[in-house]
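**Q** This structure is in structure tokens; I'll ask about it shortly.
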Amino acid sequence: MTHLKMGVIGVGGIAQDRHIPSFKRLSDTVELTAVQDVNQERAQEVAKRFEIPHAFSEYEDLFKQVDAVTICTPNKFHSSIAVAALEAGCHVLCEKPMAITSKECQEMIDAAERNDRLLSIAYHFRYSPEAQLAKKAMDHEEIGDPLVTRVQAMRRRKVPGWGVFTNKDLQGGGSLIDFGCHLLDLALWLLDDPEPVEVMGKAYNRLSKTPDQVNDWGAFDHETFNVDDHVTSYITFSNGLSMQFECSWAANIKEDHTTLSISGVDGGLSVYPFELYQAKYGALWDSSAKIREGEPDAGLVQAKNFVDSCLGQDELIVKPEQAMKVTQLIEAIYKSSETGKSVTFTK
Ligand SMILES: NC(=O)c1ccc[n+]([C@@H]2O[C@H](COP(=O)([O-])OP(=O)(O)OC[C@H]3O[C@@H](n4cnc5c(N)ncnc54)[C@H](O)[C@@H]3O)[C@@H](O)[C@H]2O)c1
């Protein structure tokens, strides 16, 4: 096969802003054949706007027309739709998080294996130029054995006031499952998938509960707000690594910042911006990299990796087992916060 037929399931914000434009730019290898959404009017509109031939109301009808699908629905439906698509013989790219529970993730992995289809998750932070550089630096052992990782995915007063982000039933949580998951995924990938041993977590839901909210990303109802808006965690791994993790949509801090730094035996690195910290020739030695203009955006690289992998010309960068580990950590952080006790992983 030299050309992949793709369908899009759930054609809201992320489908229209990232997935569809990216696949459209790869028209040499992929053809967007069909969309499906429970909102028929939206499905019709999106199909017309992006010149996609079919708009279906049932995803079973879409599966018959395509080789692969991208799933861009709220989190609650990721697993059931992915399993149905895999059983129908389609490869699947699914938005993040992989699913709300690790049980659902396992069902997706089992369906992919049973049907010999590819399954990947849209953890697109991995495809940014900074993350790619950091991965190369880690693979070339620029920092030696990693010891301590610090992750901060922090926004000041930016609860997403649109879409389903604050709907616990549809999304399974707030800042952690929506935003923190990206940085957890990126950190685990850079660290070569360490096995978690123990997780202590605390999920807060206080900042957004007060009236007269000052919020830069639209309005939301503080009375019904019931998801986490600030989360902290301490995670240890079987190879001796430890991670200090924090994420927030709404913290009372000076400004937004996304930090991922890894301190190792022989050096350290920071991803945003990419910098290396070493000690050599009797001096403290810092290096930085200039990201060149015209680097393709992460959404495009993600789409290309998925399409090329389905066509047998590349290997998936985000493996489902890796994405499931992110969900396991998210579950453990929420559980630890509820019980006030750490969660221990047993092999
Ligand atoms: N990778 C990222 O950075 C990123 C950014 C935003 C959203 N997302 C993820 O993308 C997914 C969708 O988010 P969004 O912001 O596009 O939401 P959205 O509300 O804008 O769009 C979701 C669409 O799915 C449709 N839908 C709902 N249930 C469905 C079902 N059962 N079957 C078919 N269609 C259904 C809705 O009608 C809507 O059109 C979520 O999982 C979210 O976490 C990822």
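**Q** Anything in region 110-148 that is surrounded by fewer than 20 Cβ atoms within 10 Å (Cβ to Cβ) and β-branched (Val, Ile, Thr)? List them, or say none.
**A** Scanning region 110-148 gives a single hit, VAL148.
**Q** Condition test on ILE52, is it assigned by TED's automatic domain parsing to the domain that holds ASP116, β-branched (Val, Ile, Thr) and within 19 Å of ASP178 (Cα to Cα)? So that I can check it myself, show each step before the final result.
**A** Values: assigned by TED's automatic domain parsing to the domain that holds ASP116: yes; β-branched (Val, Ile, Thr): yes; within 19 Å of ASP178 (Cα to Cα): no.
So ILE52 does not fit the description; no.
**Q** Determine whether region 148-161 contains at least one residue that is more than 12 Å from the ligand (Cβ to nearest atom), hydroxyl-bearing (Ser, Thr, Tyr) and not assigned by TED's automatic domain parsing to the domain that holds VAL307.
**A** yes
**Q** Moving on. Is it true that some residue in region 281-292 is under 24 Å from the mean Cα position of the chain (by Cα) and modelled with pLDDT of 95 or more?
**A** Looking through region 281-292, none of the residues is under 24 Å from the mean Cα position of the chain (by Cα) and modelled with pLDDT of 95 or more.
**Q** Still on this model: Need the failing condition index for SER80 against (1) more than 9 Å from the ligand (Cβ to nearest atom); (2) not acidic (Asp, Glu); (3) not in a loop (DSSP other than H, G, I, E, B), just the number.
**A** Of everything listed in (1) more than 9 Å from the ligand (Cβ to nearest atom); (2) not acidic (Asp, Glu); (3) not in a loop (DSSP other than H, G, I, E, B), SER80 misses just condition (1).
**Q** Of all residues in region 223-252 being of a type in the set (Phe, Trp, Tyr) and part of a loop (DSSP other than H, G, I, E, B), which is surrounded by the most Cβ atoms within 10 Å (Cβ to Cβ)? Can you show your working first?
**A** Of region 223-252, the ones of a type in the set (Phe, Trp, Tyr) are 225, 234, 237, 245, 249.
Narrowing further to those that are part of a loop (DSSP other than H, G, I, E, B): 225, 249.
Working: PHE225: 20, TRP249: 29.
Here the residue is TRP249.
**Q** Filtering region 185-197 down to residues that are among the charged types (D, E, K, R) and part of a loop (DSSP other than H, G, I, E, B), which residue is farthest from the ligand (Cβ to nearest atom)?
**A** Narrowing region 185-197 to residues among the charged types (D, E, K, R): 185, 192-193, 195.
Next, from what is left, pick out any that are part of a loop (DSSP other than H, G, I, E, B): 192-193, 195.
Numbers: ASP192: 23, ASP193: 20, GLU195: 25 Å.
Here the answer is GLU195.
**Q** Continuing with this model, one more query. Taking the options VAL265, VAL307, name whichever one is touching a helix residue (DSSP H, G or I) at 6+ places or on another chain (Cβ under 9 Å) and either surrounded by fewer than 19 Cβ atoms within 10 Å (Cβ to Cβ) or aliphatic (A, V, I, L, M) (or both). Spell out how you get there, then give the answer.
**A** Details: VAL265 fails: touching a helix residue (DSSP H, G or I) at 6+ places or on another chain (Cβ under 9 Å).
Exactly one residue qualifies, and that residue is VAL307.
**Q** Mind listing just one residue for me: the one in region 4-53 that is among the polar types (S, T, N, Q) and buried (at least 17 other Cβ atoms within 10 Å of the Cβ) and, of those, nearest to ALA85 (Cα to Cα)? Don't jump to the end; show me each part of the working.
**A** Step one: filter region 4-53 for residues among the polar types (S, T, N, Q), giving 16, 22, 27, 29, 33, 36, 39-40, 44.
Then keep just the ones that are buried (at least 17 other Cβ atoms within 10 Å of the Cβ); that gives 16, 22, 29, 33, 36.
Working: GLN16: 21, SER22: 21, THR29: 21, THR33: 15, GLN36: 12 Å.
Among them, the one singled out is GLN36.
**Q** Here is a further query. If the Cβ limit is 8 Å and pairs must be 6+ apart or interchain, which residue in region 41-69 that is more than 13 Å from the ligand (Cβ to nearest atom) pairs with which residue that is among the basic types (Lys, Arg)?
**A** PHE50/LYS24; GLN65/LYS5; VAL66/LYS5; ASP67/LYS5; ALA68/LYS5
**Q** Would you confirm whether any residue within region 273-286 is closer than 13 Å to MET154 by Cα and in contact (Cβ under 8 Å) with a residue 12 or more places away in the chain? Walk me through it before giving the result.
**A** We begin by selecting, within region 273-286, every residue closer than 13 Å to MET154 by Cα; these are none.
No, region 273-286 has no match at all.
Yes/no matrix, rows are residues, columns are (1) buried (at least 18 other Cβ atoms within 10 Å of the Cβ); (2) under 30 Å from GLY268 (Cα atoms); (3) touching a helix residue (DSSP H, G or I) at 6+ places or on another chain (Cβ under 6 Å); (4) not aromatic (Phe, Trp, Tyr):
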| site | (1), (2), (3), (4) |
| --- | --- |
| THR166 | yes, no, no, yes |
| LEU170 | no, no, yes, yes |
| SER175 | yes, yes, no, yes |
| GLY180 | yes, yes, no, yes |
| LEU186 | yes, yes, yes, yes |
| ASP192 | no, yes, no, yes |
| GLU198 | no, yes, no, yes |
| ARG206 | no, no, no, yes |
| ASP221 | no, no, no, yes |
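**Q** Being among the charged types (D, E, K, R) and farther than 27 Å from GLU113 by Cβ narrows it down to one of LYS341, LYS325, so name that one.
**A** Details: LYS325 fails: farther than 27 Å from GLU113 by Cβ.
Going through LYS341, LYS325 in turn, just one is among the charged types (D, E, K, R) and farther than 27 Å from GLU113 by Cβ: LYS341.
The values are calculated or read from the model by the stated rules, or taken from the named source; none is laboratory data. Predicted, not measured: the structure shown is a model, and the values here were computed from it. Note: ideal-geometry Cβ built from the backbone for every residue, glycine included; neighbour counts use all protein chains shown.
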